[in-house]
Structure formats: C-alpha cells, structure tokens
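Peer 1: Handing you this structure, nothing more for now.
The values are calculated or read from the model by the stated rules, or taken from the named source; none is laboratory data. Note that this is a predicted model, so its numbers are computed, not measured. Cβ coordinates were reconstructed from backbone atoms using ideal geometry, including for glycine residues, and neighbour counts include every protein chain displayed. Calculation scope for accessible area: heavy atoms of the full protein, side chains included, ligands and nucleic acids excluded. Shrake-Rupley method; radii C 1.70, N 1.55, O 1.52, S 1.80 Å.
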Amino acid sequence: MRKAILTVVWLALAAMPGMALSQSIIIKFPHDLAPTTPKGQGADYFKQLVEERLPGRVTVEVYPSSSLINDQASLEALAFGEIQMIAISLSKLDRLTKRFQVFDLPFLFADMEQVEAFQNGAVGQELLRELEGRGLLGLTYWHNGTKQLTAGTPLRVPADADGLEFRIMDSDVLLEQIRAIGGNPQKMPFSEVYQALQMGAVDAQENTWSNIYASKFYEVQEFITETNHGYIGYFVAVNPDHWRGLPEDVRNVLEQSLAEATQFVNTTAVAINDEARADIVASGRNTLIALTPDEREQWRAAMRPVWDMFADDIGAEVLEAAGAAGH
Ligand code: SIN
C-alpha cells in the first residue's frame, strides 16, 4: 500500500512541468577576476553552454571577483569538495608542486604559441594530472596573456626597481625574480591588490593588460612598462572524486562544453588584452614605456639567474619540453 502511494506521488511529480525529480547538480565555480577578462568570459561561456545542454540537471554557479572565496583558499576548498571547479593562476600552484614553476620563469616563453605548444604536448598534458592525489584534477589550460610592470614611478631599466615594494602572486619564482631586480616582493591575494596600490602599501606590481584594466590598477599606477616578461595562464581543475562520481552522460556534456569554452578563451585572450591596452591608452591617465631592445635585454639579463635557482625543482624533462616548444 505504502509503495503504491509513493508510486502515485512520484508519477504526479513527474507530470508537473518544470518540477525536477532529482536535485540539480550544482557546480560552484568561483574565480578572482572581473567577468570581462578572458577567465571571466570563459567561465560565463562554460555556464551558458552547460545550462543550455543540461537544463534543470546542472547549474553552474559562477562567482567572479573573489565574491565567494579568494584564489588561495579556493585550492583547499576544491580539494575538500566545498566548491567543484576552479581556474587558478598557474603561479599559485607553487606551494603544492614545484613543476608548475616553469610557467613563471621570466622570459622563457617567447610567445603564446610556445606556451600553447608546451601545454598541448605530452609533458604539459601530464602536468594536468600532477595534483590529482591532492584533490585537484586539471582538465585544461586557459590563457590570459603576458605580464607588464606597473608602478608609481617610471621603470625603464632594472635599476629603477631598486628598493620598490612589489606585489606578487604566491610564487617563489616570482619572489626571486623581484629580488633579482632589487625590489622587495610581497605575496598578496589578487583581491587585495587594488587597495594596496591605492594606499601605497606596495609601489608596483606585474600583470596582464586585461587584469590591469578590469581591476582598475591603471587608475592608481601611472607608469606601465611593456616588458612582456612572463605569462599568466590558468589551471582549470575539478575535484576528482566529484568529477568521476557524476553520471557519465553529464560528465560528457561538461567535457564537451569545457573544450568549447577553452577554444573560446584561448582564441580570444590576445584580443581581449589588446583591447584592454587600447582602453588604458584611451583613458589618457598613464605613461606607457616601450623598451628599446637594449633595455629589454637588461631586464632579461637581470632576471635570468632565477632559471638556475629553480631548474632542479622543476626538473629537466619539464624545462626541456618548454624550451623545445619554441622551435
Ligand atoms: C589572475 O589572473 O587570476 C590573478 C592574477 C594575479 O593574482 O595577479
């Protein structure tokens, strides 16, 4: 009798339009940037594709601008299953593994093609699984772009950085890179950078055009030196237990949607950064410093010793694969 009543209730619920019998799968996807950045647009596009294809079955909750959690805390939250997806700067994996430090070596990657060839090669793909045992399964890489230096005073040659306080991401390579040019590095979450620059707690920082523009750093840093000395890209990861526990048909749609979002991000990131640069120029607030080949060489030579400090930790196989991707 009880079984019959339950069956009737079940059938009645099934007949109600819009009523989900099982709860929608929630994918919490927090990140630290504005929705206009390559990462912000990628997260929103992924959400759009998934919810179009799995209406009512999966909801992707995107939380931009560190509105749910900051980047560093998100690593732990993903491993503990409190959130389901992240796209964290590769630099911020430094305290979990040394092999990703390759992405921070200054002046290693000549262009985005080299970065992409390395990421898509055997070693780059193997790195995606490096942190699986720690609760972080990498699925793909997303690009942002190359870094510029911003400061309240002009930085034309490395000696100009002497004694300045630089905000950096949580990476020991970046720490040594700033020491190598005579600056004092301060690790700080992205969500605190604008205020630190505005209050003068730090004098300078390094970032991509899209981050400098979207987070308004250009409003509080007059000088921008076009060094293109390093790369910012993202480790797009999920919690392996949660991921493998999803119904197979759902996981297939998520994978396909992520592949399309990746294609979108990685083919539009350069244009988004170019546009941000143009918007900064149009604002008329900043002095852009274009380096001569000789000045650029001075920055490269000053930062180059950092490679040797981290070569053993990163490992010859990773370094060789990154170098070979340039040919
Ligand atoms: C990001 O691009 O996600 C953050 C970069 C930063 O922390 O400077």
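Peer 1: Before anything else, pin down the relative contact order of the range 2-324: Cα pairs under 8 Å, at least 6 apart, normalised by residue count, whole percent.
Peer 2: Details: 577 pairs, mean separation 80.1, N = 323.
Reported relative contact order: 25 percent.
Peer 1: To continue, here is another question. Starting from 0.36 nm per residue, how many nanometres of slack lie between Thr97 and Ala110 once their C-alpha separation is accounted for?
Peer 2: Stretched out fully, the Thr97 to Ala110 stretch lengthens by 2.3 nm.
Peer 1: Next question. Give me Rg/Rg_expected for the range 95-189, where Rg uses Cα atoms only and Rg_expected = 2.2 N^0.38 Å with N residues. Don't skip to the answer; put the middle values down first.
Peer 2: Values: Rg = 15.5 Å, N = 95, 2.2 N^0.38 = 12.4 Å.
Normalised Rg, Cα atoms only: 1.25.
Peer 1: Summarise the accessible area of the range 2-324 (1.4 Å probe, protein heavy atoms) by the percent that is carbon and sulfur. If you can, show how the numbers build up before the last one.
Peer 2: Working: 7280 of 14020 Å².
About 52 percent, which is the carbon plus sulfur part of the accessible surface.
Peer 1: Now, a different point. Taking the 0 to 90 degree range and rounding to the nearest ten, how far is the long axis of helix 248-283 tilted relative to the main principal axis of the chain, both from C-alpha atoms?
Peer 2: Between helix and principal axis, roughly 30 degrees.
Peer 1: About its Cα centre, what dipole magnitude does the range 53-138 give when the only charges are +1 on Lys and Arg Cβ and -1 on Asp and Glu Cβ, stated in debye to the nearest 20? Don't skip to the answer; put the middle values down first.
Peer 2: Working: 8 positive and 12 negative charges, 53 e Å.
With Lys and Arg at +1 and Asp and Glu at -1, about 260 debye.
Peer 1: Quickly estimate the mean residue ellipticity at 222 nm for the chain, helices only: each DSSP H run with n ≥ 4 gives -39500 (n - 2.57), and the total goes over all residues, rounded to 500.
Peer 2: On the way: 13 runs with 148 residues, N = 327.
Taking each H run of at least 4 residues, the total per residue is -14000 deg cm²/dmol.
Peer 1: Now, a different point. Work from the charge dipole of the chain (Cβ charges, +1 for Lys and Arg, -1 for Asp and Glu, about the Cα centre) and give the residue of Thr267, Gln72, Ala325 farthest towards its positive end.
Peer 2: Gln72
Peer 1: When a/c reaches 1.5 or more, the comparison of a/b and b/c decides; with that in mind, is the range 146-206 rounded, prolate or oblate per its Cα gyration tensor?
Peer 2: Values: a/c = 1.67, a/b = 1.17, b/c = 1.43.
Verdict is oblate for the range 146-206.
Peer 1: I'd like the Kirkwood hydrodynamic radius of the chain, using the inverse of the mean 1/r over distinct C-alpha pairs, in Å. Mind dumping the intermediate values first?
Peer 2: Numbers: mean 1/r = 0.0476 Å⁻¹.
Taking every pair of different Cα atoms in the chain, averaging 1/r and inverting gives 21.0 Å.
Peer 1: Oh, and also: Enter the angle in degrees (range 0 to 90, nearest 10) between the Cα long axis of helix 38-53 and the first principal axis of the Cα atoms of the chain, meaning the one along which they spread out most.
Peer 2: With both axes taken from Cα atoms, the answer is about 10 degrees.
Peer 1: What is the calculated FRET efficiency for Ala282 to Asn70, with r their C-beta to C-beta distance and R₀ = 30 Å, to the nearest 0.05?
Peer 2: Working: r = 31 Å, r/R0 = 1.02.
Using R0 = 30 Å, I get an efficiency of 0.45.
Peer 1: Over the Cα atoms of the range 172-327, what Rg and Dmax result, in angstrom?
Peer 2: Both quantities, over Cα of the range 172-327: 19.2, 57 Å.
Peer 1: Apply the a/c threshold of 1.5 to the C-alpha gyration tensor of the range 133-250 and tell me whether it is rounded, prolate or oblate.
Peer 2: prolate
Peer 1: Highest mean first, what order results for 142-153, 295-306 on Cβ atoms within 10 Å?
Peer 2: Numbers: 142-153: 22.7, 295-306: 17.0.
Ranked by mean Cβ neighbours within 10 Å, highest first: 142-153, 295-306.
Peer 1: Give me the dipole magnitude in Debye, nearest 20, for the range 2-324 about the Cα centre, with unit charges on the beta carbon: positive for Lys and Arg, negative for Asp and Glu.
Peer 2: Details: 26 positive and 44 negative charges, 239 e Å.
My answer is approximately 1140 debye.
Peer 1: Would you mind computing, in nm to one decimal, how far apart the modelled labels at Ala324 and Glu255 are, each placed 7 Å from Cα along Cα→Cβ?
Peer 2: Taking the simple label geometry, Ala324 and Glu255 are separated by 2.7 nm.
Peer 1: Run through the range 171-280 and list the GluC sites (Glu not before Pro) located in a DSSP loop whose Cβ has at most 14 other Cβ atoms within 10 Å.
Peer 2: Working: sites: Glu176, Glu192, Glu206, Glu219, Glu222, Glu226, Glu248, Glu255, Glu260, Glu275; in loops: Glu222.
Here the sparse-neighbourhood loop sites are Glu222.
Peer 1: With every protein chain kept in place and ligands, DNA and RNA left out, what is the accessible area per residue of the chain? Probe 1.4 Å, answer in Å².
Peer 2: On the way: 14460 Å² over 327 residues.
Heavy-atom accessible area per residue stands at 44 Å².
Peer 1: Moving on. For the residue pair Arg244 and Glu317, what label-to-label distance in nm results when each label sits 7 Å from Cα along the Cα-to-beta-carbon direction?
Peer 2: With each label point 7 Å from Cα toward Cβ, the separation is 2.1 nm.
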